[in-house]
Amino acid sequence: MSLHVDKPLPPSLYADTAIPPLALPRLEGTARAAVVVIGGGITGLSSALHLAESGTDVLLLEAQEPGWGASGRNGGQVNPGLKPDPEEVEHGFGALGHRMVRFSYAAPEALFRLVERHQIRCEAQQSGTLRAAVSAKSLAGLRVLAAQYEQRGLNDARYLDATESAEFTGTRRYHGILRDPTGGSVNPLGYARGLAHAAIAAGARLHSHSPATRLQRMADGKWQVTTPKGSVMADRLVIGTNGYTDNLWPGLRRSVVPVWSGITATEPLPDSVRQQVMPGGGVLYELGSITVYYRLDVGNRLLMGGRSKLHHMAGPEGFGLLQRYAEKLWPALKAVRWTHGWNGQLAMTPDHYPHLHEPEPDVLIALGYNGRGVAMATAMGGIVARRIGGESEESLDMPVTGLKPIPFHGLWPLAVQGRLAWGRIADRLGL
């Protein structure tokens, strides 16, 4: 049994600027649904929305409030593709790999059209994704990726050399950049809340502060999901708990590694500084051993993100490494005040692919987006709805894989700390 307590929404720039939270009821007493979704992040909310739009009777349980976890704390970048390059995906999965590539590189476009269709107020900007090479080694990999884009006709991407990269970003840090115009950004907490509004409008029932504490298969084959004040009987389960996965489903928590990612934000940049920082627009993530990512929001605040300490942090004071790095990229930032800092847990998988599991015929689990969760978790919600709607496993655009707990999972904090230390050294040496 999982133990949960109500926790306030962590402070962040998103919490200050997103659309207001929804007033959702707790689950009390008994309920019935065709499908119960556990987890009110982007995976669960997208699944609930797509299911409700297909006419399915769906009920969602969230332990805190929609977007409370990484879905409402991430960098807000809407990025195309999977972590492995297209060629690697196609080599590993054959014909399915071709569909995986098309599906994942189309995910941002699908998200922005969904935002338009449901009029979600989430500061959406389809301003492009910039993959930036920080060394000669990462530049070689970037050129390979650029060639793979061109061979497949993906998204009209454009390669920028070092001179063009400096003009586009305002810094000479990068050896080259690949710009995909389909990417962009959202306020992720506002996006999660907007998905919740859309799901409710489509007929889904959503409950906050209603953690699933027990799953039980009943004699008639249905599932009973117990919460502190109620229970729901359902024909099918969907679990989308990602970086905050607990022991509700056996072995699931040990199949992913929770990685803490932190973000710090400035005050709105003065015009004189704004003209120097990312003049070409877009959202950027670096191709280094330690990922750094950043963007400007609609209020002209710079948001810098990267790996953080492995515990909850709030306020700008604990994010000095990111702030000093930003000031090296753009010295004019030394005159600007940093106003916010926060972090949260993302879920990484050993193979760097999102995982879709079907451990029993009426149970679907989706998690592990490896830093690409805004677009891919949205897209995975559609996959979940298609599978529940009767599509065969073979027709889906992502593979259904077995659930495999990671050996020695309890040592993950030491492994993550060691990986971060080595990554910083490697980036300094250009390895």
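Rule-based calculations on the coordinates, nothing more; no lab input. Everything numeric in this text was worked out from a predicted model, so none of it was measured. As a convention, Cβ positions derive from the backbone with ideal geometry for all residues, glycine included, and neighbour counts pool all protein chains shown.
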Going by a ≥ b ≥ c, the root eigenvalues of the Cα gyration tensor, does segment 22-84 fall in the rounded group (a/c under 1.5), the prolate group (a/b larger than b/c) or the oblate group? oblate
With +1 on the Cβ of every Lys and Arg and -1 on the Cβ of every Asp and Glu, and nothing else charged, how large is the dipole of the chain about its Cα centre, in debye rounded to the nearest 20? 980
Suppose every K and R has +1 on its Cβ and every D and E has -1 on its Cβ; what is the size of the dipole of segment 283-409 about the Cα centre, in Debye to the nearest 20? 940
For the chain, built as a Gaussian network whose Cα springs stay under 10 Å, the top-fluctuating residue of Ala379, Ala70, Ala219: Ala219
Does anyone have the angle between helix 107-118 and the longest principal axis of the chain? Alpha-carbon axes, 0 to 90°, nearest 10? 60
Would you pull out the residues with amide H under 5 Å of Ser231's amide H, same chain only if 5 or more places away, H placed 1.01 Å from N? Gly29, Thr30, Ala31
Segment Val144-Arg214, extension gain: residue separation times 0.36 nm, minus the distance between their alpha carbons: 20.4 nm
Residues Lys83, Lys222, sorted so that the one with the fewest Cβ neighbours within 10 Å comes first: Lys222, Lys83
Assign one of three labels to segment 13-151, namely rounded, prolate or oblate, based on the Cα gyration tensor with a ≥ b ≥ c the square roots of its eigenvalues; rounded applies when a/c is under 1.5, prolate when it is not and a/b is larger than b/c, and oblate otherwise. prolate
Asserting the computed 222 nm helical MRE of the chain (DSSP H runs at least 4 long, -39500 (n - 2.57) per run, divided by residue count, to nearest 500) equals -9500 deg cm²/dmol
To test your reading of the geometry: what angle, between 0 and 90 degrees and rounded to tens, separates the Cα axis of helix 95-105 from the longest principal axis of the chain? 70
Taking 8 Å as the Cα distance limit and 6 or more residues as the minimum spacing, I'd like the relative contact order of the chain as a percentage. 24
What ranking, highest mean first, results for peptides 16-25, 224-233 when packing means the other Cβ atoms within 10 Å averaged over each residue? 224-233, 16-25
Acute angle (nearest 10 degrees) that the helix 320-329 long axis makes with the longest principal axis of the chain, alpha-carbon atoms: 40
Gain on full stretching of the segment that runs from Arg337 to His311 - 0.36 nm per residue minus C-alpha separation: 6.9 nm
Can you give the charge dipole size of segment 13-75 about its Cα centre, rounded to the nearest 20 debye, using +1 on the beta carbon of Lys and Arg and -1 on the beta carbon of Asp and Glu? 100
Between Met233 and Arg32, with labels modelled 7 Å along Cα→Cβ, what's the label distance in nm to one decimal, could you check? 0.6
Given the Cα-Cα distance of Gln151 and Arg102 and 0.36 nm per residue of separation, how much length would full extension add, in nm? 16.4 nm
Among Gly190, Pro250, Thr163, whose Cα lies farthest out toward the positive end of the dipole of segment 128-276, if unit charges sit on the beta carbon of Lys, Arg (+1) and Asp, Glu (-1)? Pro250
Zone of Glu358's modelled label, taken as backbone nitrogen in segment 238-274 under 16 Å from a point 7 Å along Cα→Cβ: 238-239
Would you mind checking Lys229/Lys309; Lys83/Lys404; Lys83/Lys328; Lys137/Lys328; Lys328/Lys404; Lys309/Lys334 for any pair whose Cα atoms are more than 31 angstrom apart? Lys229/Lys309; Lys328/Lys404
Label points 7 Å out from Cα along the Cβ direction at Glu267 and Arg324: separation in nm? 2.3
Within a 10 angstrom radius of the beta carbon, how do Ser71, Ser165, Ser395 rank from fewest other beta carbons to most? Ser395, Ser165, Ser71
Rounded to 5, the percent of DSSP beta bridges in the chain classed as antiparallel: 65
Which of Ser47, Ser104 has the fewest other C-beta atoms within 10 Å, and how do the rest follow up to the most? Ser104, Ser47
With each pseudo-label sitting 7 Å past Cα toward Cβ, what's the Arg113-Gln276 distance in nm, one decimal? 4.2
Please work out whether segment 211-291 counts as rounded, prolate or oblate from its C-alpha gyration tensor, where a ≥ b ≥ c are the square roots of the eigenvalues and a/c under 1.5 means rounded, while otherwise a/b larger than b/c means prolate and anything else oblate? prolate
